[in-house]
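In what follows, a structure is listed as structure tokens, so that the remarks can point back to it.
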Amino acid sequence: MSSGAEITSQEYIKHHLTNLSADSQGLCSANSLNPCDGFWTLHLDTLGWSVFLGLVFITLFRSVAKKASTGVPGRLQCAVEMVVEFVDDSVKSTFHGKNPVIAPLALTIFVWVLLMNAMDWVPVDLIPRIFELFGVNYMKAVPTTDPNMTFALALGVFVLILYYSIKIKGIGGFIKELTTQPFGHWSLYPINFILEMVTLLARPLSLALRLFGNMYAGELIFLLIATIGVFQLPVHFLWAAFHLLIIPLQAFIFMMLTILYLSLAHEDH
């Protein structure tokens with residue numbers, strides 16, 4: 001969308017909430033000229049930014065680990081150590097099994113989701129304007145405002161829940177857990193199964209929708225603020241300050257629920 005074009009507030013918001021997409025026919029968008037109609041439609045901006053931020057996380061933490069010293073740590077090493085200790089304490093207080101994978105997984109989830117959420121602090125017009133210079137008309141820079149990303153994260157956690165539930169309890173034990181709770185009588189096993197399946201399926205659904213809903217609403221409010229013209233700066237900074245709490249809080253909640261669900265999967269009684 002050209003910076004000189006006259007657009008309404010509705011068109012402005014719709015443009016900024018449209019992903020850079022591609023299907024089997026090539027690049028496409030939500031507009032009527034070249035709509036995305038393929039089943040395997042890829043959101044290239046979500047994929048690109050999530051991979052980029054994942055590489056930032058890996059590179060940064062690996063660099064700090066290689067240069068770590070026993071003396072007085074630098075600011076970056078101190079910050080990384082604080083994050084690692086915070087996640088480690090969270091795992092120790094919540095996860096009651098024995099699994100060396102949980103702490104690294106929790107650290108990855110927390111930092112990766114935090115970095116993706118933090119893209120919401122970038123002014124809403126900055127990144128799209130930069131990409132427009134290279135002929136890219138659509139660019140959503142906050143991966144967690146895309147439900148495809150949040151559901152992908154949640155489904156990954158759900159697969160781990162199923163894997164460890166079967167590994168720790170066995171297939172028979174897992175089925176028994178689904179059929180004998182909360183009512184122990186055999187005649188109520190079908191009701192138990194329905195209730196437990198709803199509870200089980202609600203876990204990835206709640207993980208995905210909670211993160212997406214909060215981040216999408218925050219991005220939408222930033223866009224609404226951007227439409228009010230010259231008076232937007234004070235309101236923008238107030239909302240950005242409020243997001244100083246929301247962005248890390250959503251990463252923390254996603255991490256803690258993941259630890260909790262995997263802790264329940266490891267309980268074999």
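Evaluate the following for Phe61: is it surrounded by 20 or more Cβ atoms within 10 Å (Cβ to Cβ) and in a helix (DSSP H, G or I)? Before the answer, list the steps.
On the way: surrounded by 20 or more Cβ atoms within 10 Å (Cβ to Cβ): no; in a helix (DSSP H, G or I): yes.
No.
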So for region 72-87 (the condition being touching a helix residue (DSSP H, G or I) at 6+ places or on another chain (Cβ under 9 Å), at pLDDT 90 or above and of a type in the set (D, E, K, R)), does at least one residue qualify?
yes
Filter region 219-250 for residues that are crowded, with 18+ Cβ neighbours inside 10 Å and at pLDDT 90 or above; the one that is farthest from His15 (Cα to Cα) is Gln250
Scope region 4-40; condition assigned to a loop (DSSP other than H, G, I, E, B), modelled with pLDDT under 85 and surrounded by 10 or more Cβ atoms within 10 Å (Cβ to Cβ); matching residues
Ile7, Ser24, Gln25, Ala30, Asn31, Asn34, Cys36, Asp37, Gly38
Let me confirm something: among Leu162, Leu115, which residue is surrounded by fewer than 17 Cβ atoms within 10 Å (Cβ to Cβ) and at pLDDT 90 or above?
Leu162
Given (1) under 30 Å from Tyr164 (Cβ atoms); (2) surrounded by 15 or more Cβ atoms within 10 Å (Cβ to Cβ); (3) among the acidic types (Asp, Glu), number of the condition Glu85 does not satisfy
(2)
Pair list, Cβ under 8 Å, 6 or more apart: region 151-173 residue under 24 Å from Arg210 (Cα atoms), other residue among the polar types (S, T, N, Q) and modelled with pLDDT of 95 or more:
Val157/Thr258
For region 93-106, name all the residues that are touching a residue at least 40 places away in the same chain (Cβ under 8 Å) and surrounded by 12 or more Cβ atoms within 10 Å (Cβ to Cβ).
Thr94, Phe95, Gly97, Asn99, Ile102, Leu105, Ala106
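The values are calculated or read from the model by the stated rules, or taken from the named source; none is laboratory data. Note that this is a predicted model, so its numbers are computed, not measured. A quick note on method: Cβ atoms are made from the backbone with ideal geometry, for glycine too, and the neighbour counts reach across all protein chains shown.
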